[in-house]
C-alpha cells in the first residue's frame, strides 16, 4: 500500500456519544448500553467506507499496487512487459518511468537508469576505434545481466537515437594457481660399438 498517501489522507473523527450514553461513565448495568454499541457500530462502518475511498490512493504506487493496476500504470507510462520479465523488475521499470525518460539519451543517464533497475554498468565506450562511429559499447556484469530481450527493450526506450548498441558482458571468475617447485636433472650417456 502507498503508506504516504494513506498517512496524508484525512482521518476519520471519533464518534463520541454524550457522556451519559457512552457506556463507560455510568456503568449502572453490566451489559453495554445500546447507544454505545450503536456508536461503535457506526465508527466501524465509517472506517470501512474510508478504506474504500483510500483504496485508489494505495493503488497509485507501482511498487505495491495490484498487478491489474500495475498494467494500467505501465500503459499510461508507455512501458511494455517483456516475456519472462520478473514482476519486481517490471514494477521498478514502471515506477521509474518518468525519471528514466528524463535521463534518456546521455551516457551518465543510461548508467543511472541501469543502476535504478539493479544492473550496474561497468563502462560505456563511444566512438571506439575499429568500430563504426555510431556504435556504442556497453560493458555489463554478466552475473547481474537481464535477459537479452529486456536489455534490448531498455536500450530501445532509453538509448540515443540513430546509434547502434552492442553490449559486452564480463563475468568475474576466480582463478587458482598452484605454485610448486619444479626441478629437472638430466645426463647424456653415449655408447659406441666397434
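Values in this text are rule-based calculations from the coordinates and carry no lab data. Only a predicted model underlies this, so the values are computations on that prediction, with no experimental measurement involved. Neighbour counts run over all protein chains shown; Cβ positions are idealised from the backbone, glycine included.
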For 162, 65, order by how many other beta-carbon atoms lie within 10 Å, fewest first: 162, 65
Can you tell me what percent of all Cα-Cα pairs in the chain are more than 22 Å apart? 68
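Please work out the Cα convex hull volume for the stretch 121-161 and give it in Å³ per residue.
Roughly 83 Å³ of hull volume per residue.
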In degrees, nearest 10, the alpha-carbon axis of helix 67-76 is tilted away from the dominant principal axis of the alpha carbons of the chain by 70
Using a simple spin-label model with points 7 Å from Cα along the Cα→Cβ vector, what separation in nm is obtained for residue 148 and residue 134? 2.2
Taking the stretch 82-194 and dividing mean pair separation by its residue count, relative contact order in percent (alpha carbons under 8 Å, at least six apart): 23
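With the contact rule set at Cα under 8 Å and sequence spacing of 6 or more, what percent relative contact order holds for the chain?
About 14 percent, as a whole number.
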If you find the alpha carbon centre of the stretch 164-194 and of the stretch 34-73, how far apart are they in angstrom? 71
Which order results if 92, 60 are arranged by neighbouring Cβ count within 10 Å, fewest first? 60, 92
Label points 7 Å out from Cα along the Cβ direction at residue 72 and residue 57: separation in nm? 1.7
Using Cα atoms only, what is the angle between the long axis of helix 34-58 and the major principal axis of the chain, expressed in degrees (0 to 90) to the nearest 10? 30
Provide the percentage of antiparallel DSSP beta bridges, counting only those with both residues in the chain; round to the nearest 5. 40
Once Rh is set to the Kirkwood radius over Cα pairs, what Stokes-Einstein translational diffusion coefficient, in µm²/s, holds for the stretch 96-194 at a temperature of 4 °C and a viscosity of 1.567 mPa s? 77
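Can you compute the FRET efficiency between residue 99 and residue 34 using 1/(1 + (r/R0)^6), with r the Cβ-Cβ distance and R0 = 41 Å? Round to the nearest 0.05.
On the way: r = 56 Å, r/R0 = 1.36.
Calculated value: 0.15.
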Taking Cα atoms, the helix 107-116 axis meets the longest principal axis of the chain at an angle in degrees (rounded to 10) of 60
